1. So, in the range 151-176, exactly how many residues are of a type in the set (A, V, I, L, M, F, W, C), open to solvent by 50 Å² or more (accessible area, probe 1.4 Å) and either in contact with a helix residue (DSSP H, G or I) (Cβ under 6 Å, 6 or more places away or on another chain) or farther than 30 Å from residue 189 by Cα (or both)?
2. Among 184, 172, 147, 191, which is within 20 Å of residue 72 (Cα to Cα) and either assigned to a strand (DSSP E or B) or acidic (Asp, Glu) (or both)?
3. For the range 177-190, name all the residues that are open to solvent by less than 30 Å² (accessible area, probe 1.4 Å) and out of contact with any Cys (no Cβ under 9 Å at 6 or more places or on another chain).
4. Scan the range 87-126 for residues that are free of Cβ contacts under 8 Å to residues at least 24 places away in the same chain and part of a loop (DSSP other than H, G, I, E, B) and report the count.
5. Report, by residue number, each residue of the range 121-133 that is aliphatic (A, V, I, L, M) and open to solvent by less than 30 Å² (accessible area, probe 1.4 Å).
6. Take the residues of the range 134-150 that are open to solvent by 60 Å² or more (accessible area, probe 1.4 Å) and not charged (D, E, K, R): which is farthest from residue 82 (Cα to Cα)?
7. Quick check on the range 63-80. Is at least one of its residues among the charged types (D, E, K, R), open to solvent by 30 Å² or more (accessible area, probe 1.4 Å), under 25 Å from residue 137 (Cα atoms) and at pLDDT 65 or above?
Amino acid sequence: MSGVGPVEPGEYTYAVEPAARPPRRARRGKWAQLAVRHRRFAIVAVTASAVAAGSVSLWATRPRPDPGPWPAQAVSVSYGGAVPGAGRTGGALRFSLGIRVDAGPPVTVESIRQPSPALGLTASPNPPVTVKNGSSRTVVIVVAVRDCKSAPRNAGLPFLDVTLRNARAKQDQSFILGDRYARDLARVVADYCERPPRLS
């Protein structure tokens, strides 16, 4: 081959264009594959769940009103002495008991008891008795000797057990009524249990 000119390709040397590949479908996530109506339902469900969770959180952390003091912290109990005209008769001490509420919601006195099985106790009015804040009630108590053998002699600090309830809680509290109550109770027990037997 001779001559000058561009080199021509030989046989079977033509470049062959490769066959065009079909376009690849872009891979779509699960969210994109959901039908439109399913997506709407999912959005509504997720929103409702978020609103419900937020509401529960707000409700749980809401400010709550102060229920006030514990009933035993709001109540004072005092010995008022022997009831006039009754005094100490027949192995029984009849006396007035003052109950006052100085703070918080009303307090209900559910029961009044004394710890010795040798002594009985009755109250008038009979509990429950409700006392409002800033006011007081008087309850007449009768403590009677039941068994002289085990009745306490010269009890130094006799007390009464009182069950109290208010809007905050229910509590059992022991109240020491002081020296006057101790002396009066010891005198009743001594007069009744140590008197000479009656001659028939």
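The values are calculated or read from the model by the stated rules, or taken from the named source; none is laboratory data. Predicted, not measured: the structure shown is a model, and the values here were computed from it. Quick reminder, even Gly has a Cβ in these numbers, built from the backbone with ideal geometry, and neighbours come from all protein chains shown. Protein only, heavy atoms only, side chains kept; ligands, DNA and RNA dropped before computing areas. Shrake-Rupley method; radii C 1.70, N 1.55, O 1.52, S 1.80 Å.
1. Count: 1.
2. One residue alone meets the criteria, 172.
3. In the first step, residues of the range 177-190 are kept if they are open to solvent by less than 30 Å² (accessible area, probe 1.4 Å); the result is 177-178, 181-182, 184-186, 188-189.
Residues satisfying the conditions are 177, 178, 181, 182, 184, 185, 186, 188.
4. Residues flagged as free of Cβ contacts under 8 Å to residues at least 24 places away in the same chain and part of a loop (DSSP other than H, G, I, E, B) within the range 87-126 amount to 3.
5. 123, 129, 131 - these are the residues of the range 121-133 that are aliphatic (A, V, I, L, M) and open to solvent by less than 30 Å² (accessible area, probe 1.4 Å).
6. 150
7. No, the range 63-80 contains no residue that is among the charged types (D, E, K, R), open to solvent by 30 Å² or more (accessible area, probe 1.4 Å), under 25 Å from residue 137 (Cα atoms) and at pLDDT 65 or above.
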